[in-house]
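The values are calculated or read from the model by the stated rules, or taken from the named source; none is laboratory data. Note that the coordinates shown come from a computational prediction; the quantities given were computed from them, not determined experimentally. Here the Cβ positions follow ideal geometry from the backbone for every residue, glycine too, while neighbour counts run over all protein chains shown.
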Amino acid sequence: MRRVPVPILAYFAVMAALPLFMGASGLFYDAFQAIFVFSLVGLGLNVVTGFTGLLNLGMAAFMAIGAYTFAILTSDIYPFQIGFWWGILATVAIGAVAGFLLGAPTLGLSGDYLAIVTMGFGEITLDVLKNLDAVTKGTQGINPLPRPTFGSWSLDLQEERGWYWLLLGFVLLAVLAVRRLERSRSGRAWLSIREDALASQCMGIPPKLTKMIAFATGSALAALGGALFAALLSSTGEPASYDFQVSILALCIVIVGGMGSVAGTLVGAVVMVGMNSLVLVKLADWAGAAGVGNASNVLASPNNWKYLIFGLALILVVRLKPDGLLPPRLEGSAS
Amino acid sequence: MSLLEVRGITMRFGGLTAVDDVSFNVDQGQIFAVIGPNGAGKTTLFNAITGVYEPTEGSVRFRGSPVRLEPDARLGLRAAMVAILAGLSAFLAINIQELWSVGIAANYVLNQPFPWGKAAGDALDAARAVPFAWGVLPAILGAGVGAGTVVALWQRSRRTPDLIARAGLARTFQNIRLFTDLSLVENVLVGMDSRMRSGFWTNLLRLPSFSRERTWTEREALELLEFVGLSERAHEAAGSLPYGHRRRLEIARALASKPAVLLLDEPAAGMNPSEVVDLMELIRRVRDRGVTVILIEHHMKLVMGISDRIVVLQYGKLIGQGTPAEIRADRRCVEAYLGTEGEG
């Protein structure tokens, strides 16, 4: 009774083929590289919030931890320089450990309290990164970062297509991992906690350990997203690039796509991030060319509409399609 | 020795004593009923037995031992590890800037080999030079708080429902608690969790033991659904089941852990007479699998028809116990619950 995941296969087929019709560079790549990075973060949040039902408002902090871990371990301004691939591995591991450690004292908290703690963790992480300037270079961010190498060949920053496919490959790996976990004992334990925490515990599932593993998995994926985000820019950027709005964007992706749905998260990332880095940018260009826009006026510049649009999208989805655009489907069900 | 011994259980919520010094024994292979008027404390008693509540007084012994965590080497090790980690974190939180500057920033020259030994030495010297108030003191405080938290959290989780379920006591709920978005099979598979061995990495990497386990667990889950008569809807969402069937699925889910004792909280609530007959039959078949059944029930025909032994609760106190015939003959029990003569 294993159902073929048609939407997911279609997604990867279309995404892999798209660059062939798109030229070698341009806005398209900026947008989709961001979409893939946020797909990773969204998949991580989907494990924590979608599967396990724990509201995490601090995903950006785990992205930041990923970006800075990767940067410190690989940048040539520091002596570690373990290279791109080892850097990615170490980042995923440290992201998982960070999630586990945050979870250990806090996952006894329920619902709203956990959300507040994760939100606070996000703010504290930003402050630490800003103020620990001997290590993190404060508001400058750490750069340059190494390029990924394949044997003697390395991927240049200008190779937009290469980066696109590399990131898509990471998304594919993450989807595979998340789906495998979902359809196993681990994933069922997560879902049972979301469905009914007491019943789950009375079936012998240890709630805290199970939640901690979900948290660690989600954080590892967010850290991976953060590391790739930094590698893509060859810089961590300033700490403010990982602020609360990023956590909310991740949450919007999961809610709009469909809580607990892997395919939904992928679609949610395309819709939300695509809106942000493709539609609005195009709109701004057009407004500029037509002389309608006014960069000095906050409201007249389409780039500033994104929060309005996030809010609208969220309200529309919650009102009209509360389970998201692609809600999760039962394994083996006929529908 | 009885399979389950309930010894002087008292449950107080503020000023209210919901269960008051209740003791009884349940023997292997019995169908054992707990009856009493609404609010007599039956469900509270179940919750105290299954670890949902920690009894204010008294103990529950299962196979002669209290099911609860005892302090052991693992607790000590965990406390020590957390203490070291928390102490180190506290120390580094204050001093990392200084150590990093002295150890790494001062020794690293771009594109030159890094003198690891000298860097470590410099950092250590800097660490030693940290004044007591900013070094040793926060480390000790951090370690103390860390170890204390571990022990405190452990104290609170010595007798949790998951431990008790794993020891072999499974239960259903008065207000049915299924995983409504999961399929019937998945519900049963969650119940089987305590018998599964595949861990995170086995599941992620799909090692050979994963598919072996998946094969036998899914087969067994389908057998259990067959046993309760729901195999035809195995892949539908549990939330789509009609009420009577939900009870059966809850029983299948509870049986999935191969429990020694099954606690059923009002299994016949809301059922029509023919469903009750089916349920009696099902409970007998559960007993015949070797599972001891403890049930809370209001449905007298069911209780009197299948129970080997009955205890009667009223206002949290145990007012009588015995075989169905003895309970029927006990005036106090009859008045408390079955109603006095002429009431019908």
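Which ranges mark the helices (runs of 4 or more DSSP H) fully within the stretch A:197-303 that have 3 or more residues being closer than 30 Å to B:R156 by Cβ?
Answer list for the stretch A:197-303: A:197-202, A:207-233.
Do we find that A:F70 is at pLDDT 95 or above, under 23 Å from A:G268 (Cα atoms) and assigned to a helix (DSSP H, G or I) in this structure?
For A:F70, the condition - at pLDDT 95 or above, under 23 Å from A:G268 (Cα atoms) and assigned to a helix (DSSP H, G or I) - is not met.
In this structure, does B:R12 turn out to be assigned by TED's automatic domain parsing to the domain that holds B:G322 and under 30 Å from B:M280 (Cα atoms)?
Answer is no for this residue.
Being of a type in the set (A, V, I, L, M), within 13 Å of chain A (Cβ to nearest Cβ) and within 34 Å of the chain's Cα centre (by Cα) is the filter here; which residues of the stretch B:80-105 pass it?
B:M81, B:V82, B:L85, B:A86
Checking the condition small (G, A, S), more than 16 Å from B:L169 (Cα to Cα), touching a residue at least 40 places away in the same chain (Cβ under 8 Å) and outside the structural domain of B:V312 (by TED's automatic domain parsing), which residue from B:G87, B:G36 passes?
The unique qualifying residue is B:G87.
Can you work out which of the residues in the stretch A:1-22 that are under 20 Å from A:P328 (Cα atoms) and not in a helix (DSSP H, G or I) is farthest from the chain's Cα centre (by Cα)?
Once the filter is applied, the top-ranked residue is A:M1.
Just one of the numbered conditions (1) in a helix (DSSP H, G or I); (2) within 20 Å of the chain's Cα centre (by Cα); (3) of a type in the set (A, V, I, L, M, F, W, C) is not true of A:L55; which one?
The one condition A:L55 does not meet is (1).
Look through B:G239, B:G316 and report the one residue that is touching a Ser or Thr at 6+ places or on another chain (Cβ under 9 Å) and surrounded by 19 or more Cβ atoms within 10 Å (Cβ to Cβ).
B:G316
Could you grab me the full set of residues in the stretch B:173-204 that are closer than 19 Å to A:T210 by Cβ, assigned to a helix (DSSP H, G or I) and over 17 Å from the mean Cα position of the chain (by Cα)?
Hits for the stretch B:173-204 are B:E186, B:F200, B:W201, B:T202, B:N203, B:L204.
Would you check if B:E226 is under 26 Å from B:V67 (Cβ atoms), modelled with pLDDT of 95 or more, surrounded by fewer than 22 Cβ atoms within 10 Å (Cβ to Cβ) and away from chain A (no Cβ under 12 Å)?
In short, no.
What is the residue count in the stretch B:186-204 for residues that are more than 8 Å from chain A (Cβ to nearest Cβ) and under 26 Å from B:A268 (Cβ atoms)?
Of the residues in the stretch B:186-204, 3 are more than 8 Å from chain A (Cβ to nearest Cβ) and under 26 Å from B:A268 (Cβ atoms).
Does the stretch B:79-101 contain any residue that is part of a loop (DSSP other than H, G, I, E, B) and out of contact with any Ser or Thr (no Cβ under 7 Å at 6 or more places or on another chain)?
No, the stretch B:79-101 contains no residue that is part of a loop (DSSP other than H, G, I, E, B) and out of contact with any Ser or Thr (no Cβ under 7 Å at 6 or more places or on another chain).
Here's the yes/no breakdown for (1) closer than 22 Å to A:G324 by Cβ; (2) among the aliphatic types (A, V, I, L, M); (3) under 12 Å from the mean Cα position of the chain (by Cα):
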{"site": "A:A24", "(1), (2), (3)": "no, yes, no"}
{"site": "A:L27", "(1), (2), (3)": "no, yes, no"}
{"site": "A:S39", "(1), (2), (3)": "yes, no, yes"}
{"site": "A:M59", "(1), (2), (3)": "yes, yes, yes"}
{"site": "A:A71", "(1), (2), (3)": "no, yes, no"}
{"site": "A:F80", "(1), (2), (3)": "no, no, no"}
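For B:G142, only one of the following conditions fails: (1) at the interface with another protein chain (Cβ under 9 Å from one of its Cβ atoms); (2) over 18 Å from A:L209 (Cβ atoms); (3) in contact with a Phe, Trp or Tyr (Cβ under 9 Å, 6 or more places away or on another chain). What is its number?
B:G142 satisfies all of (1) at the interface with another protein chain (Cβ under 9 Å from one of its Cβ atoms); (2) over 18 Å from A:L209 (Cβ atoms); (3) in contact with a Phe, Trp or Tyr (Cβ under 9 Å, 6 or more places away or on another chain) except (1).
Among the numbered criteria (1) surrounded by 22 or more Cβ atoms within 10 Å (Cβ to Cβ); (2) out of contact with any Cys (no Cβ under 8 Å at 6 or more places or on another chain); (3) at pLDDT below 95, which one does A:M272 miss?
Here A:M272 clears every test but (2).
Which of the residues spanning the stretch B:13-67 are touching a strand residue (DSSP E or B) at 6+ places or on another chain (Cβ under 7 Å) and among the charged types (D, E, K, R)?
Those that are touching a strand residue (DSSP E or B) at 6+ places or on another chain (Cβ under 7 Å) and among the charged types (D, E, K, R): B:D20, B:D21, B:K42, B:E57, B:R61.
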